[in-house]
1. Expressed in nm², what is the orientationally averaged projection area of the convex hull enclosing the Cα positions of region 154-217?
2. Please compute the volume of the convex hull spanned by the alpha-carbon atoms of region 85-151 and report it per residue in Å³.
3. Cut-off under 21 Å on the C-alpha distance; same-chain residues fewer than 8 positions from Lys180 excluded. Which lysines are left, in chain and number order?
4. Can you give the net charge of the other residues whose Cβ lies under 11 Å from the Cβ of Glu207, counting K and R as +1 and D and E as -1?
5. If you look at just the Cα atoms of region 90-217, how large are its Rg and its Dmax in Å?
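No lab work stands behind these numbers, since they all come straight from the coordinates. Since we're looking at a predicted model, the values are computed, not measured. Reconstructed Cβ throughout: ideal geometry from the backbone, glycine too, with neighbour counts over all protein chains shown.
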Amino acid sequence: MPVARRLSNERRRWRCLAKLSFRDCAERGWRSRPGGFGRRARGFCSLDSRGAIAMFCSQAGARPRTWEASPPEHKKWVEVFKACDEDNKGYLSREDFKVAVVMLFGYKPSKIEADSVMSSVDPNTSGIRLKEFLDIVRKKKEAQLYRNEVRHIFTAFDRHYRGYLTLEDFKKAFKQVAPKLSERIILEVFREVDQDSDGHVSFKDFEYAMNSGQKQA
């Protein structure tokens, strides 16, 4: 075949690939491997186990959402800020912030979480101002709602209420979400999510995979 024709065929192939949706690739079971493009066995499109997890997250409906507080909730957050702002400093110290989190979320922040929050505030201030506090609480609320969604999905697939998912549970879950995905890729997903290789996927494993999938999506 003349070189010009081969190059023309390659350009057409790339244009076709550009039009394929992520789900199209998933349903065809195509994966990328070193060596690039060519026959189906070598892969037309990038879909590995992490890509499959990303697709699962998208199709299952668990995704972070922007969330705004209602007026009563906003008022409550402001009242908590004022209650924890000892001496009316206009900001929350590290210890003040911990108390505020206990009041709003029912747990005491770890040293790592407190360090992360304090390092993110304006270095020119002595602590967390009201505006920063409201933004922190809103993000924590969004994360809490997303985790509840993930928990709901996990519970829906844990049909025997065992507190973990088996490979068969995974197969049933993917059959609902992506029925044309190959069992080979589902097995790869299961092996990756099952971090301790004990044949069981705990909620912690599942949540970690869903969070990783969101970053891939």
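1. Numbers: hull surface 16.8 nm².
Result: 4.2 nm².
2. Working: hull volume 5.8 nm³, N = 67.
Per-residue hull volume (Cα only) is 87 Å³.
3. Lys19, Lys171, Lys172
4. Values: positive: Arg147, Arg151, Lys204; negative: Glu149, Asp205.
Every neighbour counted, the sum reads +1.
5. 19.3, 58
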